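Readers should treat all values here as calculations from the given coordinates under stated rules, not as data from a laboratory. If you're wondering where the values come from, they're calculated on a predicted model, not measured in any experiment. Glycine also receives a Cβ, built like all others from the backbone with ideal geometry; neighbour counts cover every protein chain displayed.
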């Protein structure tokens with residue numbers, strides 16, 4: 001994939017209307033709708049401020065949550081969840097949409113920018129069209145939730161054309177959404193010159209650089225619960241990395257594949273052959289492949305459970321693995337110490353439970369102490385690093401969960417591929 005894409009600095013936006021795709025998919029309080037974490041809004045500020053300073057008129061857009069824009073489909077989905085169809089009214093459906101309005105985002109954005117953000121009542125309807133037409137240089141507006149439009153997730157060309165029709169330039173800065181070919185992330189680029197904002201530029205520079213030309217040795221740490229969700233990543237990194245470290249729930253499938261007993265631990269029995277294939281591929285390519293040698297286990301999946309240490313290959317039948325043990329921590333920390341680049345995606349254990357957070361904490365601490373370029377691949381690892389207080393010690397924390405995973409798999413990201421090459 002070509003990571004060398006044009007950015008906002010490569011084109012003249014003065015006096016132009018710019019359609020800016022942001023990632024404002026922020027967490028909200030279920031009762032009040034108040035934004036509980038505005039990190040994603042803050043992350044968009046440098047690009048927005050730059051465009052406004054250059055005299056552009058900014059038409060920002062984003063999705064929020066997973067609204068169902070069709071009443072019939074909403075009823076079908078709710079019925080599948082076990083809701084009584086008789087209780088599902090149009091009024092309730094409309095209420096579910098209202099809960100996912102971007103109005104609170106517009107309010108927060110205007111506080112952060114210190115200037116008024118005009119909120120449109122729709123995406124490409126009469127209100128959005130009128131407000132976009134009236135928008136002047138140095139002003140900003142926000143379109144309503146792009147997923148209120150049925151055509152958004154289908155990458156409908158008519159919707160993309162209507163969105164593009166309001167602007168003269170398209171700027172993509174929603175790294176968390178570039179792995180999806182939606183109307184607002186990829187479709188609009190067919191009708192407008194398309195470049196990246198500063199967020200995506202940074203992701204491509206740092207993550208792209210780590211994959212294309214890493215400072216060696218390159219150590220990849222992969223955790224999380226399932227082997228199946230990391231297959232592509234392991235496969236791709238076996239061609240690039242010097243060392244691959246495995247932790248989290250997926251380690252038990254590797255242990256079982258090698259003839260170990262894993263008790264009640266997480267196990268994907270369908271993937272045992274795959275694990276052995278990966279180990280064989282690593283050996284053939286001369287890639288160090290580190291697996292846990294000991295694990296902290298518990299009789300039940302609970303925060304109050306007592307941690308008991310066992311050899312990784314002999315976990316008793318009534319126990320489940322919950323974290324990596326001290327010998328494993330020692331080996332993993334040593335591997336990180338001499339690295340040139342470290343990419344980490346996925347926790348080492350059930351870090352949400354303090355008794356089983358030690359493995360993840362030790363790895364985060366080792367990354368914080370190393371001189372290597374340290375890249376955290378979004379999602380749970382980003383949450384863990386922040387929760388454990390090491391976020392400011394990392395070189396880069398990716399803003400995309402699914403996108404960073406697909407990036408590490410070497411997949412082409414539709415929302416990046418559609419941008420103009422330098």
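Which of 230, 281, 83 moves the most in a Gaussian network model of the chain with Cα springs under 10 Å?
83
Once the Cβ-Cβ distance between residue 154 and residue 206 is put in as r, and R0 is 30 Å, what FRET efficiency do you end up with, to the nearest 0.05?
0.40
Can you give the extra length, in nm with one decimal, that the chain gains between residue 31 and residue 311 once fully stretched, where that is 0.36 nm per residue apart less the Cα-Cα distance?
Roughly 96.2 nm would be gained on extension.
Based on other C-beta atoms within 10 Å, arrange 87, 196 from fewest to most.
In increasing order of surrounding Cβ atoms, one gets 87, 196.
How many nm separate the modelled label positions at residue 42 and residue 2, each set 7 Å beyond the Cα in the direction of the Cβ?
So the label points at residue 42 and residue 2 sit 3.6 nm apart.
Please compute the length gained on full extension between residue 330 and residue 352, using 0.36 nm multiplied by the number of residues separating them and subtracting their Cα-Cα distance.
Roughly 5.8 nm would be gained on extension.
So which residue, out of 78, 28, 49, gets the largest mean-square fluctuation from a GNM of the chain using Cα contacts under 10 Å as springs?
Comparing 78, 28, 49 in a Gaussian network model of the chain, the most mobile one is 78.
Once you put a point 7 Å from the Cα of residue 9 and another 7 Å from the Cα of residue 369, both along the Cβ direction, what distance in nm separates them?
Result: 3.6 nm between the two label points.
For 148, 71, 407, what's the fewest-to-most ordering of other Cβ within 10 Å of each Cβ?
71, 148, 407
For the chain, what does -39500 (n - 2.57) per DSSP helix run (n ≥ 4), summed and divided by total residues, give at 222 nm, in deg cm²/dmol to the nearest 500?
-10500 deg cm²/dmol
Can you match Rg/Rh (Cα atoms, Kirkwood Rh) to one of these, (i) 0.94; (ii) 0.97; (iii) 1.01, based on a calculation from the structure here?
After the calculation, the listed value that fits is (iii).
Could you estimate the translational diffusion coefficient of region 216-371 from the Stokes-Einstein equation, with Rh from the Kirkwood formula over C-alpha pairs, at 4 °C and 1.567 mPa s, in whole µm²/s?
Diffusion coefficient, whole number: 85 µm²/s.
What do you get for the angle between helix 198-212 and the principal long axis of the chain? Use alpha-carbon atoms, 0 to 90 degrees, nearest ten.
In the chain, helix 198-212 runs at an angle near 30 degrees to the longest axis.
Between residue 127 and residue 84, what is 0.36 nm times their sequence separation minus the Cα-Cα distance? Round to one decimal in nm.
Working it through step by step, the gained length comes to 11.9 nm.
How would you rank 396, 63, going from fewest to most other Cβ atoms within 10 Å of each one's own Cβ?
396, 63
I'd like the FRET efficiency for residue 216 and residue 49, computed as 1/(1 + (r/R0)^6) with the beta carbon distance as r and R0 of 35 Å, rounded to 0.05.
Once rounded, the FRET efficiency stands at 0.40.
Taking the chain as the reference, fit the longest principal axis to its C-alpha atoms, fit the long axis of helix 326-337 to the helix C-alpha atoms, and give the angle between the two in degrees, 0 to 90, nearest 10.
Rounded to the nearest ten degrees, it is 60.
Helix 71-80 versus the longest principal axis of the chain: what is the Cα-based angle in degrees, 0 to 90, to the nearest 10?
Taking the Cα atoms of the chain, the angle to 71-80 is about 20 degrees.
Which one of 194, 331, 134 has the biggest mean-square fluctuation once the chain is modelled by GNM with Cα springs under 10 Å?
Evaluated over the chain, the most mobile residue of the options is 134.
What FRET efficiency do you get for residue 270 and residue 161 if R0 is 41 Å and r is their Cβ-Cβ distance, rounded to the nearest 0.05?
About 0.40, to the nearest 0.05.
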